Amino acid sequence: MVGLPNVGKSTLFNALVANKRAEAANFPFCTIEPNFGTVPVFDKRLNQLSTISGSKEIIPTSVEIVDIAGLVEGASEGQGLGNKFLANIRECDAIVHVVRCFVNDNIVHVNGSIDPTRDAGIINSELALSDMGQIQKRIEKVCKSKGKVSVEGHTMESEIETLTRVLSWLEDGKQVRQMEMSVDDWIVIKELNLLTAKPCIYAANLSEEDLLTNGIGNVHFEALSKFAANTGAGVCPVSAQVAAELRDLTEDERNEFLSCIGVKSDGTTELINTAYRQLDLLTYFTTGEKETRAWTVKHGSTAPQAAGVIHTDFEKGFIKAETVHYEDFVSCGGFSGAKEKGLWQLEGKDYVVQEGDIMVFKFNV
Ligand SMILES: Nc1nc2c(ncn2[C@@H]2O[C@H](COP(=O)(O)OP(=O)(O)OP(=O)(O)O)[C@@H](O)[C@H]2O)c(=O)[nH]1
Ligand SMILES: [Mg+2]
């Protein structure tokens, strides 16, 4: 999670992560060291599978989030606390960019006024400047080694040509994720973990009133939505404040609170789901009397790789995977029904896992 100081990142972090609390307070640079937490990914298919299987427990899959110090103009050159913390997010798979859209004179804004597109622009230039630094460092390294360190399939010249092209794209104020790239270009670029190449979702932090309309009619939110579309990113309306108030309530209390203020959701479930969908991931399930559980694998993973997510022994000793597609499992009322209708398959090690597959692995120990 990136954003200017004091926009609500840690408040949002606390609302999302059940068993941890980050310090959140009304002064800039409240967060210094990053906060790490795990957030469950809500998936209504889990309930359906659990009912069919009579499971005792439901275990959703999860994403890890990192709440870092606020960035300011000049962060990439070490202003504020930024530079050091940009390094913390190089390894992340996606960026949630928290932007303040709520108006409240009591909460300090580091730039003195509410202007989400200006704020988002500042953060984006800092991310771009940091990326430019990474590219320049790489160019120097490739030149110094006279191409000895060039990535596979590239010469010094071809790698530098790609790097220079991406550098000038960034210099034009654009983000790498918006750039059309060949596979060869991407081989060079993916090594650098560029921040502006990652999928990005803007979390528009709205007031409670604006949450009622999901931000529609709020000029700040609408401006941010346009801005996001131009940078190849999505927008999710959230209210960190409402989410924080819901945190310690039971599910019933939460629903009552939400219906009292007239909204369906504080936006956080949608935010996590959108983030999850942007990652090149898919979900498969295991289900039985003990538990129904969601597991995450990269798109294109084979059955043994999927088994390896549960346990490395499952991958090493993989023999076969009983597989039923989600829709078939539901319409046939479970494994035996699917088997009767011929919708149950025994797949081998080359099987590529599909979104929503229900799997049972057979393996040697
Ligand atoms: N009214 C209102 N206040 C909020 C909202 N979100 C956060 N705040 C308040 O804004 C202040 C800053 O929130 P933090 O979550 O600490 O902000 P941050 O982005 O983590 O700030 P840094 O760690 O300094 O970068 C706190 O006093 C919050 O209670 C919101 O949606 N509405
Ligand atoms: Mg913070």
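From the list F42, F29, which one is modelled with pLDDT under 90, more than 8 Å from ligand 1 (Cβ to nearest atom) and of a type in the set (F, W, Y)?
Details: F29 fails: more than 8 Å from ligand 1 (Cβ to nearest atom).
None of the others qualify; the one that does is F42.
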Count of the range 328-365 residues which are out of contact with any Phe, Trp or Tyr (no Cβ under 6 Å at 6 or more places or on another chain) and aromatic (F, W, Y): 4
Candidate set: the range 93-108, residues that are closer than 30 Å to H299 by Cβ and not β-branched (V, I, T); chosen: the one farthest from ligand 1 (Cβ to nearest atom): D93
V96 vs. criteria of a type outside the set (S, T, Y), more than 24 Å from A306 (Cβ to Cβ) and outside the structural domain of H325 (by TED's automatic domain parsing): yes
Criterion violated by S55 - all others in (1) near ligand 1 (Cβ under 8 Å from one of its atoms); (2) surrounded by 19 or more Cβ atoms within 10 Å (Cβ to Cβ); (3) assigned to a loop (DSSP other than H, G, I, E, B) satisfied: (1)
Residue in the range 71-83 that is under 27 Å from A128 (Cβ atoms), assigned to a loop (DSSP other than H, G, I, E, B) and away from ligand 1 (no atom under 16 Å from the Cβ) present: yes
Hey, I68 more than 7 Å from ligand 1 (Cβ to nearest atom), surrounded by fewer than 15 Cβ atoms within 10 Å (Cβ to Cβ) and either of a type in the set (A, V, I, L, M, F, W, C) or modelled with pLDDT under 90 (or both) or not: no
Residues of the range 1-44 classified as touching a Ser or Thr at 6+ places or on another chain (Cβ under 9 Å), surrounded by 16 or more Cβ atoms within 10 Å (Cβ to Cβ) and outside any loop (DSSP other than H, G, I, E, B), total: 9
Members of the range 1-28 found to be within 8 Å of ligand 2 (Cβ to nearest atom) and closer than 23 Å to E91 by Cβ, listed by number: P5, K9, S10, F13, A22
Any hit, the range 36-59, residues being out of contact with any Lys or Arg (no Cβ under 9 Å at 6 or more places or on another chain), within 16 Å of ligand 2 (Cβ to nearest atom) and touching a residue at least 40 places away in the same chain (Cβ under 8 Å): no
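Give the residue, chosen from E209, E180, that is outside any loop (DSSP other than H, G, I, E, B) and not hydroxyl-bearing (S, T, Y).
Just a single option satisfies the conditions, and that option is E209.
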Close pairs from the range 8-30: first on the phi > 0 side of the Ramachandran plot, partner near ligand 1 (Cβ under 6 Å from one of its atoms) and not aromatic (F, W, Y), Cβ under 7 Å, at least 6 apart: G8/N205; G8/A240; F29/P5; F29/A69; F29/G70
Single unsatisfied condition, V188 versus (1) more than 16 Å from ligand 1 (Cβ to nearest atom); (2) part of a loop (DSSP other than H, G, I, E, B): (2)
Enumeration of residues in the range 212-239 that are part of a loop (DSSP other than H, G, I, E, B) and either touching a Cys at 6+ places or on another chain (Cβ under 9 Å) or surrounded by 21 or more Cβ atoms within 10 Å (Cβ to Cβ) (or both): G215, N218, T231, G232, A233, S239
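The values are calculated or read from the model by the stated rules, or taken from the named source; none is laboratory data. On a predicted model such as this, the values are computed, not experimentally measured, just so you know. Heads up, the Cβs are rebuilt from the backbone with ideal geometry, glycines too, and the neighbour counts pull from every protein chain shown.
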